[in-house]
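What follows is a single structure, written as structure tokens, with notes after it.
The values are calculated or read from the model by the stated rules, or taken from the named source; none is laboratory data. Quick caveat: nothing in here was measured; it's all calculated off a predicted structure. Methodologically, a virtual Cβ is constructed for each residue, glycine included, from the backbone with ideal geometry; neighbour enumeration extends over all protein chains shown.
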Amino acid sequence: MKLENSTALVTGSNRGIGREIVADLLGRGVRRIYAGARRVKDLEAIVAAAPDRIVPLQIDITDRPQIKAAAEKARDVTLLINNAGVADFGAILECPLELTVRDMDTNFFGTLNMARAFAPIIEQNSGGAVVNFLTVVALASMPGLGAYNASKAAAWSMTQSIRAGLAPKGIDVHGVFPGPVDTDMIRAVEIDKTDPRDVAKAVLDGIESGTEDIFPDPMSRAVYDSWRQDHKAVERQFASM
């Protein structure tokens with residue numbers, strides 16, 4: 001997909017990777033960017049960077065009426081970037097069930113409902129792309145991220161399903177599998193992390209090159225290479241972390 005003159009919607013635009021994607025999209029000549037966040041006031045600094053091109057949009061992706069309202073407002077979207085998500089820590093058999101439900105509601109159902117709402121709009125606008133942010137631990141689970149692993153693995157399966165369904169309609173579907181990124185989500189975790197600006201650039205490069213599965217950082221690319229050679233070895237490695 002060519003990004004220049006397209007119209008994008010980015011969920012979770014107020015910080016982290018989403019914020020950097022909005023900034024990078026501006027530099028690639030995107031005509032309009034709908035910056036989504038749960039609270040519009042959190043978008044003030046982002047909109048100020050280009051108020052003639054960035055439109056703030058209230059979207060809590062777990063709130064279906066808000067998704068419907070956003071779809072009614074953003075009728076010119078050709079690129080949907082499902083970046084919003086949550087990550088809860090804890091073993092899958094021990095963490096509160098409410099946290100597992102929260103991860104599934106956001107990372108799976110929220111992402112799915114956004115795709116269901118905006119795929120018809122993208123089709124009406126002569127095609128484009130849907131981008132779902134997943135994670136490298138969708139390939140193999142880390143026990144301390146039980147709910148997060150499961151929700152993103154489900155979203156990976158869903159991404160493949162909608163890719164098959166939307167291909168005849170001229171809509172590309174990309175899955176993004178980052179490793180650790182230096183954002184608020186894992187700020188307290190002591191591990192090597194990739195700059196979100198580098199991740200944003202890699203994702204947008206992948207969209208323009210037509211790469212279906214995007215591994216946007218060195219760690220995720222190394223894991224994917226190992227996973228292709230011996231996925232059980234990666235499973236055992238992650239299980240020990």
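Worth a mention:
- Matching residues, region 84-129, being part of a helix (DSSP H, G or I) and β-branched (V, I, T): T100, V101, T106, T111, I121, I122
- Residue check, S161 part of a loop (DSSP other than H, G, I, E, B) and either without any contact (Cβ under 8 Å) to a residue 40 or more places away in the chain or within 19 Å of I207 (Cβ to Cβ) (or both): no
- Reported count of residues in region 48-65, each being over 22 Å from F133 (Cβ atoms), among the aliphatic types (A, V, I, L, M) and outside any loop (DSSP other than H, G, I, E, B), is 1.
- Residue that is nearest to the chain's Cα centre (by Cα) [pool: residues in region 33-52 that are closer than 15 Å to L79 by Cα and free of Cβ contacts under 8 Å to residues at least 40 places away in the same chain]: A35
- Each residue in region 212-239 was checked for being among the acidic types (D, E) and closer than 12 Å to V136 by Cβ, and 3 of them qualify.
- The condition of being modelled with pLDDT of 95 or more, more than 17 Å from the chain's Cα centre (by Cα), buried (at least 16 other Cβ atoms within 10 Å of the Cβ) and not acidic (D, E) holds for V30.
- Residues satisfying the stated conditions in region 1-27, i.e. part of a loop (DSSP other than H, G, I, E, B), surrounded by 21 or more Cβ atoms within 10 Å (Cβ to Cβ) and under 15 Å from the mean Cα position of the chain (by Cα): T11, G12, S13, N14
- Failed item in (1) at pLDDT 95 or above; (2) more than 20 Å from G175 (Cβ to Cβ); (3) surrounded by 12 or more Cβ atoms within 10 Å (Cβ to Cβ), with I214 passing the rest: (2)
- Considering residues of region 83-100 that are surrounded by 14 or more Cβ atoms within 10 Å (Cβ to Cβ) and of a type in the set (A, V, I, L, M, F, W, C) only, the residue farthest from V173 (Cα to Cα): C95
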